[in-house]
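Following: one structure in structure tokens, then a few remarks.
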Amino acid sequence: MANTPGAKKAVRKIARRTEVNKSRRSRVRTYLRMFEEAISAGDAGKARAAFIEAQSEVMRAVSRGVIHKNTGSRKVSRLAAQLKKLSAA
């Protein structure tokens with residue numbers, strides 16, 4: 001348990017930051033799900049629009065420090081591969 005005033009303040013800050021990061025992570029997952037739904041529907045135009053939005057959200061999360069840079073790049077790369085596969089079909 002936190003005893004010093006500084007440690008207690010750190011606990012409060014961590015709790016606030018956790019809430020913010022949780023909401024940002026949820027937002028990213030929402031956009032990823034929208035892309036997955038567009039891919040499964042087979043609509044290339046809708047999937048392309050969803051890809052652009054999902055890519056933007058993932059990179060925004062990377063810049064805010066919610067997810068690691070390499071993780072974001074990997075996710076975007078896999079989304080692009082799915083989109084390319086759909087467009088080729």
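Here MET59 fulfils each of the conditions (1) at pLDDT 95 or above; (2) more than 10 Å from the chain's Cα centre (by Cα); (3) not β-branched (Val, Ile, Thr) apart from (2).
Considering LYS8, LYS75, the condition of being surrounded by fewer than 17 Cβ atoms within 10 Å (Cβ to Cβ), charged (D, E, K, R) and in a helix (DSSP H, G or I) is satisfied by LYS8 alone.
Does ALA2 fit the bill of being aliphatic (A, V, I, L, M) and in a helix (DSSP H, G or I)?
no
Test SER40 against the criterion of being of a type in the set (Ser, Thr, Tyr) and touching a residue at least 12 places away in the same chain (Cβ under 8 Å), and give yes or no. Here the answer is no, as SER40 does not meet what is asked.
Taking the criterion of being under 19 Å from LYS84 (Cβ atoms) and buried (at least 19 other Cβ atoms within 10 Å of the Cβ), the only residue of the range 56-71 that qualifies is VAL58. Being small (Gly, Ala, Ser) and touching a residue at least 24 places away in the same chain (Cβ under 8 Å) is the filter here, so list the residues in the range 66-87 that pass it. Of everything in the range 66-87, those that are small (Gly, Ala, Ser) and touching a residue at least 24 places away in the same chain (Cβ under 8 Å) turn out to be ALA80, SER87. Among the residues of the range 1-31, which ones are of a type outside the set (S, T, N, Q) and within 30 Å of ALA50 (Cβ to Cβ)? Residues satisfying the conditions are ARG17, GLU19, VAL20, LYS22, ARG24, ARG25, ARG27, VAL28, ARG29, TYR31. Across the range 78-89, the number of residues qualifying as surrounded by fewer than 14 Cβ atoms within 10 Å (Cβ to Cβ) and touching a helix residue (DSSP H, G or I) at 6+ places or on another chain (Cβ under 8 Å) comes to 2. Close Cβ contacts (under 7 Å, 6 or more residues apart or on different chains) running from residues in the range 11-24 that are surrounded by 10 or more Cβ atoms within 10 Å (Cβ to Cβ) to residues that are outside any helix (DSSP H, G or I) comprise VAL11/ALA2; ASN21/VAL66; ARG24/VAL66.
Looking across the range 43-55 at every residue that is in contact (Cβ under 8 Å) with a residue 12 or more places away in the chain and more than 25 Å from THR18 (Cβ to Cβ), the one that is surrounded by the most Cβ atoms within 10 Å (Cβ to Cβ) is identified as ALA47.
The values are calculated or read from the model by the stated rules, or taken from the named source; none is laboratory data. Since we're looking at a predicted model, the values are computed, not measured. For neighbour counting, all protein chains shown are included, and Cβ atoms are generated from backbone atoms with ideal geometry for every residue, glycine included.
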